[in-house]
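Quick note: the coordinates plus some simple rules give every number you see, no bench work behind them. Everything numeric here is computed off the predicted structure, so don't read it as measured data. All Cβ positions, even for glycine, are placed from backbone atoms using ideal geometry, and neighbour counts span all protein chains on display.
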Number of protein chains: 2
Amino acid sequence: MATRVLLVDDHALVRDGLRRSLEAHKIHVVGEAGDGAAALRLVAELDPDVVLMDVSLPDMDGVAVTKQLAGAHPELPVVMLTMYGDQATIGEAIAAGAAAYVVKDCTTAEIVAVIDEVAAGETALSPALAQTMLRAARRGGEAILSAREREVLQLIAEGSSTTEVAARLYITPKTTKNHLASIYQKLEATDRTQAVLQGLRKGIIRLR
Amino acid sequence: MATRVLLVDDHALVRDGLRRSLEAHKIHVVGEAGDGAAALRLVAELDPDVVLMDVSLPDMDGVAVTKQLAGAHPELPVVMLTMYGDQATIGEAIAAGAAAYVVKDCTTAEIVAVIDEVAAGETALSPALAQTMLRAARRGGEAILSAREREVLQLIAEGSSTTEVAARLYITPKTTKNHLASIYQKLEATDRTQAVLQGLRKGIIRLR
DNA sequence: AGTGATTTGAGTCGTTCGACCTATCGATCT
DNA sequence: AGATCGATAGGTCGAACGACTCAAATCACT
């Protein structure tokens with residue numbers, strides 16, 4: 001029988017297109033959600049086999065939704081969809097319990113294959129998924145920040161000053177500045193503005 | 001007869017879905033392009049009635065492609081598609097010669113209506129298009145910067161320091177700082193990083 | 001004619017930033 | 001066991017930044 005999928009994406013146009021693409025490949029889309037709250041509600045209501053979820057949602061983070069789903073329905077595989085090969089989010093998504101991670105410029109056939117695989121119970125370690133992840137990770141270079149550095153940069157991007165970042169991370173302003181210095185090196189930036197912009201371009205951090 | 005459309009979007013998945021959505025509404029998709037160069041080539045080759053183009057493309061800007069198309073094929077209406085209601089890009093797109101501007105969270109029916117309208121020769125002044133533009137412009141408030149202030153902020157966002165901005169605009173660094181000060185006031189920012197981020201959110205400037 | 005916004009320019013003052021250097025501690029890798 | 005890396009923290013120093021106030025010229029709209 002056909003795999004029953006719940007679509008989560010904030011753009012109605014994308015959802016509609018995705019639904020038609022999937023249904024043309026004999027995948028049954030049982031519901032659509034435009035935000036995280038609707039997604040959580042519909043999962044409980046419709047009990048899909050797989051959730052296909054975009055990372056960027058209006059109300060909450062796709063990663064946050066995935067985390068909640070993983071808690072409430074550990075058996076339900078979540079496939080994360082994203083625009084860009086976004087190393088930071090890949091890691092977070094996997095940690096949150098996503099079963100797979102797909103970039104939006106793969107073909108419909110590829111995503112169908114991934115959906116079928118995770119529906120069959122395969123994990124992120126399956127060859128095809130590893131390939132997808134590699135493809136995602138390959139574009140965008142390497143230049144990866146450490147977890148702490150990402151935190152610092154994200155807070156800066158949210159408008160915090162060095163001192164505020166320090167307070168929120170329970171470290172001294174000095175340490176914050178040190179982290180920033182190594183962020184500048186890794187991102188080839190000379191100041192916080194450029195660092196934030198680079199982080200945005202590389203998908204290391206997100207605009208909130 | 002059906003309207004013949006050329007799809008331009010860098011994500012294969014989105015293109016595929018869009019094609020199916022449009023064809024379900026009796027719109028004929030004659031071709032797909034994943035980047036600006038392919039778009040220009042296919043327009044010459046396929047002579048579509050309408051081009052449906054995403055703003056973000058890998059090789060060149062959707063706006064830049066539109067500008068070239070407007071030069072080479074003044075009669076060909078271009079409908080710009082975007083993720084966000086982005087006032088800056090709307091203005092640029094219209095200036096570049098786009099016939100319409102649609103946000104990706106409208107329904108398929110709406111975009112079909114827009115495509116049919118522009119195919120019929122209507123311009124951006126048609127009621128439906130004005131409505132679409134209003135919807136796009138509504139989100140994000142007003143808080144508009146002056147032309148000069150936008151220039152300054154855009155250059156800052158491109159990584160220029162105060163002195164570099166001054167040099168590129170042929171003004172003194174002091175004046176640049178004064179512009180920045182009033183930008184901070186208008187955007188409720190306290191430093192350049194926050195100002196750039198606010199500008200990005202409000203669509204006043206663009207990530208390049 | 002006058003009001004207001006924009007653009008340009010300037011000064012001062014205290015704060016913050018970023019570059020460069022050193023150092024300790026723990027985890028991970030070889 | 002030794003090496004490497006990340007996170008923590010400290011210091012110095014000059015440059016840049018942002019807040020505040022002021023002023024003149026231009027242009028548009030009334």
query: Between B:ILE27 and residues 5 or more places away or on another chain, which pairs have amide H atoms under 5 Å apart, with H built 1.01 Å from N, and which residues are they?
result: none
query: Per residue of A:22-28, how many C-beta atoms from partner chains lie within 10 Å of its own C-beta, taken as a mean?
result: 1
message: Taking amide H atoms as placed 1.01 Å from N in the peptide plane, list the residues 5 or more away in sequence, or in a different chain, whose amide H sits under 5 Å from that of B:GLU32.
response: B:LEU7
query: What are the label-to-label distances in nm, one decimal and shortest first, from A:ARG208 to the same spot in the other copies, with labels 7 Å along Cα to Cβ?
result: 2.9
query: Considering only the label points, 7 Å along Cα→Cβ from Cα, what distances in nm to one decimal separate A:THR175 from the same position in each other copy, shortest first?
result: 4.6
statement: The answer for B:TYR101, listing residues at least 5 apart or on another chain whose modeled amide H is closer than 5 Å to its amide H, is B:MET80
query: Which ³J(HN,Hα) values in Hz, rounded to whole numbers, follow from the phi angles of segment B:25-30 under the Karplus curve 6.51 cos²θ - 1.76 cosθ + 1.60, where θ = phi - 60° and Gly and Pro get x?
result: 9, 6, 9, 8, 8, 8
task: Quickly rank B:33-45, B:149-161 as a protection proxy: mean count of other C-beta atoms within 10 Å, highest first.
output: B:149-161, B:33-45
- prompt: Using θ = phi - 60° and the Karplus curve 6.51 cos²θ - 1.76 cosθ + 1.60, what whole-Hz ³J(HN,Hα) does each residue of segment B:183-198 get, with Gly and Pro shown as x?
  reply: 4, 4, 4, 5, 9, 6, 10, 10, 8, 5, 4, 5, 4, 4, 4, 4
- request: Distances from B:ALA24 to the same position in the other copies: list them in nm, one decimal, shortest first, using label points 7 Å from Cα along Cα→Cβ.
  value: 1.1
HN-Hα J in Hz across segment B:47-52 - Karplus 6.51, -1.76, 1.60, θ = phi - 60°, x for Gly and Pro: 6, x, 7, 9, 10, 9
query: What are the lysines whose alpha-carbon lies under 27 Å from the alpha-carbon of B:LYS26, with same-chain residues fewer than 8 places away excluded?
result: A:LYS26, A:LYS104, B:LYS104
